[in-house]
Amino acid sequence: MNTTDGPTASARLLNASAHASTARGERVRVSTDRSGYLPPSLPDGVVYARCVEEVVHTMELATAHRVPVVPRGAGTGLAAGASARAGEVVLDLSGMNRILHIDPVEQLAVVEPGVLNAEVNAAAAAHGLFYAPDPASTAICSIGGNIATNAGGMWCAKYGVTRESVLSLRVVLPDGRILVTGRNTLKGVTGYDLNALLIGSEGTLGIVVEATLRLRPAPIQTATVAAYFADVDAAAMAASAIIAARIQPSVLELMDGPTLEAVDAAQGTGHRSKGAAFLLAQTDGYGAFLEQDVLIRAIEPFATHIEKAADAETAAALVAARRQAIPSLERLGRVSICDIGVPRNRLADVFAGLAEISRNTGVGIYNVAHAADGNLHPMIVVDPGESITEGPAKAALAEMFYLAKRLGGTLTGEHGVGLLKRDWLQEELGDLSLELQHAIRNVFDPKGILNPGKAI
């Protein structure tokens, strides 16, 4: 679409939509996400979908007028995957927020994309069930966004990421046709796995309007341990020792000293006074406390202080400290959250490399990690007016990728590529893989109107 007739085409789409806005305040609100990225211009407008038919209508109009559409959920993404600019229209799905059905016998939930992650878990809990993917932003992130990025979270240590918990999808394609993928059974291998393909595609292949989620029985009991260490290297070695001991924790989260200081300052806690790094571990099921004993023996040689949560309230407070890491850092400035993954036995190496990157670039880096699967979130904090897409912050982001690559890792473990990480995509995937992926994208979206410029 050229820039001359773009706004006119966008205006036709917006004028034909039942719920749309071109107000500047609304366009500012939907222009970006929590990545810290600021687009160079504002989208032409926003359409608020309330039902599947309105999504279909929007995409039919978009195809007819060749208007680029950027799908948006709760706007909590961390890679600028929902960022929009002039010539584009945002399709806001946050109003499609109903839990349509819960089947406690088959242990599944059917939901719309705007439902918040925590709302699914609250509804499932009433039946003694839970939904396993739980990003730190569980209270504010939507299921549609989780599906777009194949989100993980703290429980993925044991229960896997979003792809392992989505049985089927109902998806509106760029031309308005409705595609149903997957099935409501736990097993099924008929045809290519389009369900898995769509999960993690960052809204570039279709727009999820309904998802059937796999629920799981709530653990009969959970044991929680907080361990503190003299430095982050010792904490990383302790995490590796847990894995080497063949324990399967349900949660294994690591935070470094600077992050603990930020959490303490924002939340009024005192974690940093107990150590320069923090490891939160949970085991669950009938053998939770037996596993906890083995886990504690594995980390004792590395820890300076170990606490077992005596009750559910204490355990919840420890988990809250980890969940509040990003909001606490956002009080300090603009936050850019990286998302590298490395083999689990390279955790100590990656923390040493991140410290060197901080020294070389002069950028402060705060670290949290899903230690059980080697997925780290190094967070760059800059002044509110400072850019994260150029200068020292961009240099640090690049060096983080090269560090992960040297250690046999990846550019992104769960946040997606969006706009922020495309510069390094070719170096990880290679030419042939990218060629095939562009061909797949073209099959779904031959006019190139769905979330252009994102992911690949």
Have a look at Val180, Val171 and point out the one that is closer than 29 Å to Arg27 by Cβ, among the aliphatic types (A, V, I, L, M) and in contact with a strand residue (DSSP E or B) (Cβ under 9 Å, 6 or more places away or on another chain). Val171
So how many residues does segment 35-75 have that are at pLDDT 95 or above and among the hydroxyl-bearing types (Ser, Thr, Tyr)? 4
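Take residues that are basic (Lys, Arg) and tell me which of the helices (runs of 4 or more DSSP H) falling wholly in segment 1-96 contain 1 or more.
Ranges flagged: 6-15, 24-29.
Residue by residue, here is whether (1) touching a helix residue (DSSP H, G or I) at 6+ places or on another chain (Cβ under 8 Å); (2) under 25 Å from Ala241 (Cβ atoms) holds:
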site	(1), (2)
Arg344	yes, yes
Ala355	no, yes
Gly364	yes, no
Val368	yes, yes
Glu390	no, no
Glu399	yes, no
Gly408	yes, yes
Somewhere in segment 420-427, is a residue on the phi > 0 side of the Ramachandran plot, of a type outside the set (A, V, I, L, M), surrounded by fewer than 19 Cβ atoms within 10 Å (Cβ to Cβ) and in contact (Cβ under 8 Å) with a residue 24 or more places away in the chain? no
Could you tell me whether segment 114-128 includes any residue that is in contact with a helix residue (DSSP H, G or I) (Cβ under 9 Å, 6 or more places away or on another chain), touching a residue at least 60 places away in the same chain (Cβ under 8 Å), buried (at least 24 other Cβ atoms within 10 Å of the Cβ) and outside any strand (DSSP E or B)? yes
Residue identified as at pLDDT 95 or above and touching a Gly at 6+ places or on another chain (Cβ under 7 Å) among Ala281, Ala369, Ala277, Ala309: Ala277
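Condition check ((1) modelled with pLDDT of 95 or more; (2) under 20 Å from the mean Cα position of the chain (by Cα); (3) within 25 Å of Ser137 (Cα to Cα)) across all residues:
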residue	(1), (2), (3)
Gln292	yes, no, no
Leu295	yes, no, no
Ala321	no, yes, yes
Gly341	yes, yes, yes
Val350	yes, no, yes
Are any residues in segment 276-299 closer than 30 Å to Arg331 by Cα and surrounded by fewer than 21 Cβ atoms within 10 Å (Cβ to Cβ), and if so, which ones? Ala276
Six or more apart or on different chains, Cβ atoms under 9 Å: show the pairs whose first residue is in segment 49-68 and at positive phi and outside the structural domain of Leu179 (by TED's automatic domain parsing) and whose second is buried (at least 16 other Cβ atoms within 10 Å of the Cβ) and in a helix (DSSP H, G or I). Arg66/Gly6; Arg66/Ala9
What helices (runs of 4 or more DSSP H) lie completely within segment 143-233 and have 3 or more residues being crowded, with 18+ Cβ neighbours inside 10 Å and not hydrophobic (A, V, I, L, M, F, W, C)? 143-149
Using beta carbons and a limit of 9 Å, which pairs, at least six apart or on different chains, have the first residue in segment 159-184 and closer than 21 Å to Glu414 by Cα and assigned by TED's automatic domain parsing to the domain that holds Gly203 and the second one β-branched (Val, Ile, Thr) and at pLDDT below 95? Leu167/Thr185
Please enumerate the residues belonging to segment 234-266 that are more than 10 Å from Leu280 (Cα to Cα), surrounded by 24 or more Cβ atoms within 10 Å (Cβ to Cβ) and acidic (Asp, Glu). Asp256
Which ones in segment 298-316 are out of contact with any strand residue (DSSP E or B) (no Cβ under 7 Å at 6 or more places or on another chain) and either in contact (Cβ under 8 Å) with a residue 12 or more places away in the chain or under 12 Å from Thr259 (Cα atoms) (or both)? Ala298, Pro301, Thr314
When only residues in segment 133-142 that are more than 16 Å from Val251 (Cβ to Cβ) and in contact with a helix residue (DSSP H, G or I) (Cβ under 6 Å, 6 or more places away or on another chain) count, which is surrounded by the fewest Cβ atoms within 10 Å (Cβ to Cβ)? Ala139
Of the candidates Ser328, Ser273, Ser358, Ser336, the one satisfying the condition of being small (Gly, Ala, Ser), assigned to a helix (DSSP H, G or I) and surrounded by 21 or more Cβ atoms within 10 Å (Cβ to Cβ) is Ser328
So Glu307 passes all but one of these: (1) in a helix (DSSP H, G or I); (2) farther than 25 Å from Leu354 by Cβ; (3) among the acidic types (Asp, Glu). Which condition number does it fail? (1)
Could you tell me whether any residue of segment 401-413 is touching a Pro at 6+ places or on another chain (Cβ under 8 Å), within 22 Å of Pro71 (Cβ to Cβ) and in a loop (DSSP other than H, G, I, E, B)? no
Could you tell me which residue of segment 234-269 is farthest from His370 (Cα to Cα), considering only residues that are in contact (Cβ under 8 Å) with a residue 60 or more places away in the chain and either part of a strand (DSSP E or B) or acidic (Asp, Glu) (or both)? Asp256
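Would you confirm whether or not segment 86-100 contains a residue that is touching a strand residue (DSSP E or B) at 6+ places or on another chain (Cβ under 9 Å), more than 20 Å from Arg29 (Cβ to Cβ) and not basic (Lys, Arg)?
Yes, segment 86-100 contains a residue that is touching a strand residue (DSSP E or B) at 6+ places or on another chain (Cβ under 9 Å), more than 20 Å from Arg29 (Cβ to Cβ) and not basic (Lys, Arg).
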Somewhere in segment 6-28, is a residue β-branched (Val, Ile, Thr) and modelled with pLDDT under 95? yes
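The values are calculated or read from the model by the stated rules, or taken from the named source; none is laboratory data. Bear in mind the structure is a predicted one, so any value in this text is a computation, not a measurement. With ideal geometry, Cβ positions are generated from the backbone for all residues, glycine too; neighbour counts draw on all protein chains shown.
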